[in-house]
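In what follows, a structure is listed as structure tokens, so that the remarks can point back to it.
The values are calculated or read from the model by the stated rules, or taken from the named source; none is laboratory data. Please read all numbers here as calculations on a predicted model, not as lab measurements. Note that we place each Cβ from the backbone using ideal geometry, even for glycine, and neighbour counts take in every protein chain shown. In case anyone asks, the SASA skips ligands and DNA or RNA and just uses the protein heavy atoms, side chains included. Shrake-Rupley method; radii C 1.70, N 1.55, O 1.52, S 1.80 Å.
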Amino acid sequence: MEISVDSSDNALAQHICQVAEQARDQLNACHLFQAEPVQIKITEQPRLNHFDCLGVFRCEDSVVEVIRPSRIPEVLVEDDPLILISENIVFDSVIVHELTHAFAHQTLTTRSGSVAQDEYLAYAMQFEFMPEDARNVMLETRSIATDVTLDSLNEMILMFAPTLFGLRAWTHFNYENNGCEFFQLILDDKVNFAPEFE
């Protein structure tokens, strides 16, 4: 199944294709599969619900929009741990994050669960894809509880500290007996995250 790239920068397009192929293997191992073509577009500023984002998956046309790598340091807030690592590593991880949304959408066919649940999948895969040393730089700046619970993976944290939510999700994903098998429980609707805001 095709993953295409819309970019005027041929070297960047080839790099994105390599990242996408690596991501596909990682996502398939966690029970997320591509069912239709996905296009990745590089844009100056992806937006979702009037908010600026690093990346967005638009399910209506199976398009992933990702910010240009050079603009990443400009849009990250000062206290976001992502600002401590290379924008190229952040860029690659955002591609993985948005492809996770795409594959989850195509695997489930109908949306199930909360926004926190959707972002758990995406952030766990995003940070799992990162080099260990880059991830450790971020983990050193944020105190992650030794026992991350699903209650702590809620939409309040997601809204106000999305990278902290992501680091918690990755930590929970890496607990013994979680990992890709926990993904399967999510996909089978056997896990309940905190309810969405009313």
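Here are some notes:
- Segment 29-71, subset touching a residue at least 24 places away in the same chain (Cβ under 8 Å) and of a type in the set (Phe, Trp, Tyr), residue surrounded by the fewest Cβ atoms within 10 Å (Cβ to Cβ): Phe33
- Neighbours by Cβ (under 6 Å, 6+ apart or cross-chain): first from segment 174-185, within 22 Å of His105 (Cβ to Cβ); second surrounded by fewer than 16 Cβ atoms within 10 Å (Cβ to Cβ) and at pLDDT 95 or above: Cys180/Ala29
- Scanning segment 72-82 for residues that are of a type in the set (Asp, Glu) and either over 12 Å from Glu44 (Cβ atoms) or open to solvent by less than 20 Å² (accessible area, probe 1.4 Å) (or both) yields Glu78, Asp79, Asp80.
- Residue pairs whose Cβ atoms lie under 8 Å apart, separated by 6 or more positions or on different chains, with the first residue in segment 103-126 and within 15 Å of Val64 (Cα to Cα) and the second of a type in the set (Ser, Thr, Tyr) and modelled with pLDDT of 80 or more, are Gln106/Ser62; Ala122/Thr100; Gln126/Ser93; Gln126/Thr100.
- Qualifying residue in segment 177-194 (condition: under 18 Å from His31 (Cβ atoms), at pLDDT below 90 and among the aromatic types (Phe, Trp, Tyr)): yes
- For segment 83-93, the set of residues classified as open to solvent by less than 10 Å² (accessible area, probe 1.4 Å) and either over 13 Å from Thr43 (Cα atoms) or among the acidic types (Asp, Glu) (or both) consists of Val90, Ser93, listed by residue number.
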